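Take a look at the structure set out below.
What follows draws every value from the coordinates through simple rules; no lab data is involved. All values reported here derive from a predicted model rather than from experimental measurement. With ideal geometry, Cβ positions are generated from the backbone for all residues, glycine too; neighbour counts draw on all protein chains shown.
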Amino acid sequence: MSIAEIEIQKFERESGDVNKVFYQAMEEVIYSIAPLLESDPKYSKYGILERLVVPDRVIKFKVVWLDDNQNIKVNTGYRVQFNNALGPYKGGLRFHPSVNEGILKFLGFEQILKNSLSGLPIGGAKGGSDFDPKGKSDFEIMKFCSAFMTELHKYIGPRIDIPAGDIGVGGREIGYLFGEYKKITSSYDGVLTGKPYIFGGSLMRPEATGYGAVYFTEKMLELEGKESLVGKICTVSGAGNVAIHAIEKLQQIGAIPVTCSDSQGMIYDSRGIDLELLKVLKFERRTSLSEYVKTHLEAQYTPCSEYQTNIHPVWDIPCYAAFPCATQNELCEADAQNLITNGCVSVTEGANMPSTPEAVALLQSHKICFAPAKAANAGGVAVSEFEMSQNASMQKWSFEKVDSKLKETMQQICTRVALTAKDYGVEGNYVDGANIAGFKRVADAMIAEGI
Ligand code: NDP
């Protein structure tokens, strides 16, 4: 039995239903890093895997708030502080009804390796709440954020744990969270990233993840000897922060993104997505994508109710490059088959783990360039770290400076992943390259710091 199989057996017994997605992420990593574990016994000797897959602590708390009708509402808040071997805990907050401990453990675990891979001095964490921001007034969002921070502030700090945004948590929510933290602690610390620019945010933080995914893809295509994205049809899922900025960067470099989607349905606009309209619908009016076709009669809107089981219609549109940017497990094996049949050359994960393991295996077996989330969507955390640097030194960097550092960071990550894959005999496998490079750096730090 291989080292990977022994490790996996050990963890399978411990994973319940709530941990399913966490286990999926863990299993992928363990199989990936098998060549490293086999080539160097020190990782087993120091019990690195056993230690790495257990969070340092899981903080769970009650959040009580009042809605606009003075009804008392109760939600659950979490912060999973996973690993701080490389620096203070760092990772986003997600507000979504699906949030539970298992999802946050999966996201926190991925975050450790992503942050390690970025080469930056930050550890891994994730947090959030089962609170649903949809349909809530601005005041309700504010009251929830205040109540959430009343508890969370006890566990975070600029050198301890620096949360950021994720699904359901953008500049507005970070602003309210920061305001409450400041009120409670009387200190003006860079304790959250993704802050609005006016009070300590970095230029380009909102754009960073989507832009970074495109920069990564350009570099990967170059390294793999493929044609660039210029003039190519691209498909994107999601219509949030990551998806919209991936669409924006694709348009800036001369590609043609033709799709987007939200939790209600998807848009296919063969002439290219109308970015300005998309921003108005999602960032200003916070409404459904079905509104898009009211001004673009030639575009197609397909509601989720018309999706075939286990097929996401975004991945059935012929494209050169695909960018899943909505949520986990949104691109399954049948979708991967559709992409392959339609001649897709690359798939880049903007969201966290949007592709199922079966989809990844199928894409890789057909030599599709596949950029995994922990490498391709590291642009957000990279600019978050730039925000921490700016806050600590009381500086404000220009848009151009942040953009060029982001591009350089994404190119470096891509090259590091490609070279690591080559070094460990899995050339062209960006999943294994990312997992090995990310694991190695954090594992070496854990060994150096003792148990
Ligand atoms: P947003 O909340 O801004 O957008 C999420 C988008 O995905 C929305 O369009 C939403 O639809 C859609 N969506 C959410 N859940 C589902 C679902 N179950 N089925 C279909 N569509 C869904 O989030 P972000 O863009 O910030 O995050 C997207 C992904 O990227 C997540 O996986 C996140 O963890 C990851 N990520 C984000 C980073 C960041 O900097 N923001 C950094 C790194 C990773 P609707 O509009 O209807 O709500």
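Structure notes:
- Count - residues of region 51-74 that are in contact (Cβ under 8 Å) with a residue 24 or more places away in the chain and either within 16 Å of the ligand (Cβ to nearest atom) or hydrophobic (A, V, I, L, M, F, W, C) (or both): 9
- Residues within region 207-226 that are free of Cβ contacts under 8 Å to residues at least 12 places away in the same chain and assigned to a loop (DSSP other than H, G, I, E, B), tallied: 1
- Scanning region 355-407 for residues that are more than 15 Å from the ligand (Cβ to nearest atom), part of a helix (DSSP H, G or I), farther than 30 Å from ASP189 by Cβ and touching a residue at least 60 places away in the same chain (Cβ under 8 Å) yields PRO357, VAL360, GLN364.
- Filter result (surrounded by 17 or more Cβ atoms within 10 Å (Cβ to Cβ), out of contact with any Phe, Trp or Tyr (no Cβ under 8 Å at 6 or more places or on another chain) and part of a helix (DSSP H, G or I)) within region 119-154: THR150
- Residue match in region 307-326 (condition: within 18 Å of LEU250 (Cβ to Cβ), in contact with a strand residue (DSSP E or B) (Cβ under 8 Å, 6 or more places away or on another chain), part of a helix (DSSP H, G or I) and not small (Gly, Ala, Ser)): yes
- Top-ranked residue in region 167-187 [being in contact (Cβ under 8 Å) with a residue 60 or more places away in the chain and out of contact with any Cys (no Cβ under 7 Å at 6 or more places or on another chain); ranked as surrounded by the most Cβ atoms within 10 Å (Cβ to Cβ)]: VAL169
- Output for region 75-118, where each listed residue is within 27 Å of ILE141 (Cβ to Cβ), part of a loop (DSSP other than H, G, I, E, B) and touching a residue at least 40 places away in the same chain (Cβ under 8 Å): PRO88, HIS96, ASN100
- Residue that is nearest to the ligand (Cβ to nearest atom) [pool: residues in region 239-261 that are over 15 Å from ALA321 (Cα atoms) and under 13 Å from the mean Cα position of the chain (by Cα)]: GLY240
- Of all residues in region 155-192, those satisfying the criterion of being of a type in the set (A, V, I, L, M, F, W, C) and outside any helix (DSSP H, G or I) are ILE156, ILE160, ILE162, ALA164, ILE167, VAL169, VAL191, LEU192.
- Residue satisfying condition, being over 26 Å from HIS96 (Cβ atoms) and either surrounded by fewer than 24 Cβ atoms within 10 Å (Cβ to Cβ) or among the aliphatic types (A, V, I, L, M) (or both), within set VAL360, VAL347, VAL402: VAL402
- Qualifying residue in region 408-418 (condition: farther than 27 Å from VAL53 by Cα, more than 16 Å from the ligand (Cβ to nearest atom), part of a helix (DSSP H, G or I) and within 18 Å of the chain's Cα centre (by Cα)): yes
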